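Scroll down for the structure; my scribbles are underneath it.
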Amino acid sequence: MQWFPPTRGGDPAATAEEPVDGVDEALAAVDALDRALVTGLLRPQPAQAAGLAEFAEAFAASPLASRVAEAAEKAAAGTAGEDHLVALAAARTALLGSVHDAVAEHAAQFVRRDRAPHTPGDPAAEQPANLLAAARSWLADVARSGWRGLDHETVSGAAPVVTAMLPDPALRRLATLLDGFAAELAASCPGASLERVPVRRWADLWSRALLLTVPGALTAPAATAPATGRLLPLGVDLHEHATAVQAQVHAVFEPADGSPPLLVRASASAPKPDTIVGAGLWQLLRPHMSLLAAVGEGRSMELDAMPLTAEGDLVWDDARARTGEPADAFATARVALSTAAEPATAPLDRHPVRLAVPVLLEGYTTESDDDGALTLTVAGRPPYAVETDRLPVAGPLTPEAVAASGACIALLRWDAGAHRLQPLAVETTVRRKTVALHAGGWAGGTTDKTGAKAEKAATDAVAVLRERAGRLLRK
């Protein structure tokens with residue numbers, strides 16, 4: 001298993017499954033605050049007050065102790081102001097940031113990979129204080145109502161704020177977050193009738209949005225020197241939403257100046273109508289990034305001064321890239337993956353759900369239970385859950401192919417206290433020949449019968465939509 005090389009201090013495979021000190025306690029404190037938000041902070045009940053006290057206790061020995069204790073006390077009494085709610089959101093974000101750092105450091109130890117320090121970005125352009133205050137006021141109303149107390153009147157208060165923010169590029173990040181959050185809440189109204197509340201997710205969105213309303217929280221991305229060198233793709237992580245689709249390419253970047261390689265990402269996004277699904281999604285994305293064609297063809301890319309953020313994201317510009325020589329993803333993983341450094345993570349992005357570390361696995365066995373859940377085991381060690389639900393239907397990689405594979409490039413994720421694996425590509429044997437199957441194998445086009453049929457359907461759907469849009473514009 002390539003991502004568990006020998007390390008100092010014992011068996012690395014065993015180290016990977018050791019609990020990370022303090023993580024359970026930090027998450028328990030986060031859950032205590034999240035439970036209080038379910039029924040709201042307008043008239044807290046004794047159970048909510050106890051949860052808020054438990055949350056504040058987690059900061060007793062920290063520099064935030066007095067601020068958090070005051071905020072929790074006011075919230076328990078139902079008198080929390082906006083500043084108190086901001087303090088609770090900041091403390092919650094700090095706790096999850098500490099979990100992110102602990103788990104990331106733990107993973108870095110058994111993949112033996114350096115992590116770059118974070119470089120703060122420049123202050124963003126001054127934002128209108130009145131719009132930030134309006135957003136903060138709406139988020140405070142939501143917290144007071146709680147997820148169970150939500151109604152359409154409360155949720156609709158976000159609409160004028162979002163409308164006023166969207167024209168300003170400096171506020172678009174916050175506006176998009178508020179818009180999506182409000183849409184989720186509106187779709188779940190009235191909250192009292194919900195069978196299940198997404199407690200952690202809504203608390204994540206609420207606290208992140210609230211912090212972004214603080215003047216100075218929005219900063220311009222910290223950029224490194226323009227990236228010139230060779231880009232070696234590892235795999236594609238495809239994200240599909242009802243109205244949008246994004247392809248995120250994970251790759252190793254080898255600088256032309258001979259400096260150490262770096263793990264990077266390049267993303268393309270596009271709006272998506274409901275009628276386009278499966279392999280047809282690639283038609284929406286290809287015009288935005290030539291890298292997808294290179295991934296589909298198994299080729300590298302030569303970059304010339306491509307902008308690269310300190311967080312490892314390439315700001316893709318087709319004019320600064322050209323297709324290079326053939327590059328096998330598994331050869332890249334075996335040769336370069338272990339020496340590539342991980343980029344830094346911006347402070348507000350430090351959340352365990354964002355962890356996605358590219359790894360190479362070999363010499364394992366797989367097993368499926370009666371419910372179809374797939375696990376992967378190396379040398380008799382505890383099994384790792386395989387997130388087969390993340391495999392896109394817009395590609396040839398299937399759970400069956402993963403189960404029959406002998407090598408795998410995957411993203412190492414962390415959820416519910418355990419590491420999980422999201423396959424990006426596998427090597428398997430077909431008719432006595434080793435064949436590589438990639439989640440993004442159809443990114444540049446396909447002759448596969450199923451994929452070609454979906455592509456054809458998408459072509460027809462796009463043509464109809466464009467014709468209708470043109471007709472509306474002419475009217």
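Where residues in the stretch 274-324 are hydrophobic (A, V, I, L, M, F, W, C) and touching a His at 6+ places or on another chain (Cβ under 9 Å), which of them is surrounded by the most Cβ atoms within 10 Å (Cβ to Cβ)?
We begin by selecting, within the stretch 274-324, every residue hydrophobic (A, V, I, L, M, F, W, C); these are 276-277, 279, 281-282, 284-285, 289, 291-295, 301, 303, 305-306, 308, 310, 314-316, 319, 321.
Narrowing further to those that are touching a His at 6+ places or on another chain (Cβ under 9 Å): 295, 310, 316.
On the way: V295: 28, A310: 19, W316: 19.
In this case the residue turns out to be V295.
Could you tell me which of the residues P343, P352 is touching a helix residue (DSSP H, G or I) at 6+ places or on another chain (Cβ under 6 Å), within 30 Å of S207 (Cβ to Cβ) and buried (at least 16 other Cβ atoms within 10 Å of the Cβ)? Give the steps one after another, and end with the answer.
Details: P343 fails: touching a helix residue (DSSP H, G or I) at 6+ places or on another chain (Cβ under 6 Å).
None of the others qualify; the one that does is P352.
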query: Looking at D168, is it at pLDDT 95 or above, surrounded by 14 or more Cβ atoms within 10 Å (Cβ to Cβ) and among the acidic types (D, E)?
result: no
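Is one or more of the residues making up the stretch 380-392 of a type in the set (A, V, I, L, M) and out of contact with any Ser or Thr (no Cβ under 9 Å at 6 or more places or on another chain)? Before the answer, list the steps.
Step one: filter the stretch 380-392 for residues of a type in the set (A, V, I, L, M), giving 385-386, 391.
Among the residues that remain, those that are also out of contact with any Ser or Thr (no Cβ under 9 Å at 6 or more places or on another chain) are: none.
Within the stretch 380-392 (the criterion being of a type in the set (A, V, I, L, M) and out of contact with any Ser or Thr (no Cβ under 9 Å at 6 or more places or on another chain)), the answer is no, since none of the residues qualifies.
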- request: Working carefully through the options A439, A401, A425, A443, find the one that is within 30 Å of H288 (Cα to Cα), surrounded by 16 or more Cβ atoms within 10 Å (Cβ to Cβ), at pLDDT 85 or above and over 23 Å from the mean Cα position of the chain (by Cα).
  value: A401
field: Given (1) small (G, A, S); (2) touching a residue at least 60 places away in the same chain (Cβ under 8 Å); (3) part of a loop (DSSP other than H, G, I, E, B), index of the condition S405 fails
entry: (2)
- prompt: Can L234 be described as touching a helix residue (DSSP H, G or I) at 6+ places or on another chain (Cβ under 6 Å), under 30 Å from A134 (Cβ atoms) and in contact (Cβ under 8 Å) with a residue 12 or more places away in the chain?
  reply: no
message: Every residue in the stretch 328-373 that is under 22 Å from M301 (Cα atoms) and within 16 Å of the chain's Cα centre (by Cα), please.
response: E342, P343, V357, P358
- request: Kindly indicate whether S267 is of a type in the set (S, T, N, Q) and in contact with a Phe, Trp or Tyr (Cβ under 9 Å, 6 or more places away or on another chain).
  value: yes
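Hey, does the stretch 319-338 have a residue that's in a helix (DSSP H, G or I) and more than 26 Å from L437 (Cβ to Cβ)?
In the first step, residues of the stretch 319-338 are kept if they are in a helix (DSSP H, G or I); the result is 319-320, 329-335, 337-338.
If we keep only those that are more than 26 Å from L437 (Cβ to Cβ) too, we end up with 319-320.
Checked against the condition, which is being in a helix (DSSP H, G or I) and more than 26 Å from L437 (Cβ to Cβ), the stretch 319-338 yields at least one hit.
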- prompt: Could you say which residue among G441, G451 is farther than 30 Å from A28 by Cα, in a loop (DSSP other than H, G, I, E, B) and in contact with a helix residue (DSSP H, G or I) (Cβ under 8 Å, 6 or more places away or on another chain)?
  reply: G441
query: Of all residues in the stretch 325-340, which are surrounded by 16 or more Cβ atoms within 10 Å (Cβ to Cβ) and β-branched (V, I, T)?
result: T332
field: The one condition in (1) within 27 Å of A346 (Cα to Cα); (2) surrounded by 19 or more Cβ atoms within 10 Å (Cβ to Cβ); (3) more than 19 Å from the chain's Cα centre (by Cα) that G191 fails to fulfil
entry: (1)
statement: Checked the stretch 186-196 for anything closer than 14 Å to L37 by Cβ and either modelled with pLDDT of 95 or more or part of a helix (DSSP H, G or I) (or both); matches are G191
query: Within the stretch 278-298, can one find any residue that is part of a helix (DSSP H, G or I) and among the acidic types (D, E)?
result: yes
statement: Going through the stretch 144-185 in order, the residues found to be under 25 Å from L52 (Cβ atoms), of a type in the set (D, E, K, R) and not in a loop (DSSP other than H, G, I, E, B) are R144, E184
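The values are calculated or read from the model by the stated rules, or taken from the named source; none is laboratory data. These numbers were taken from a predicted model, which means no experiment stands behind them. For neighbour counting, all protein chains shown are included, and Cβ atoms are generated from backbone atoms with ideal geometry for every residue, glycine included.
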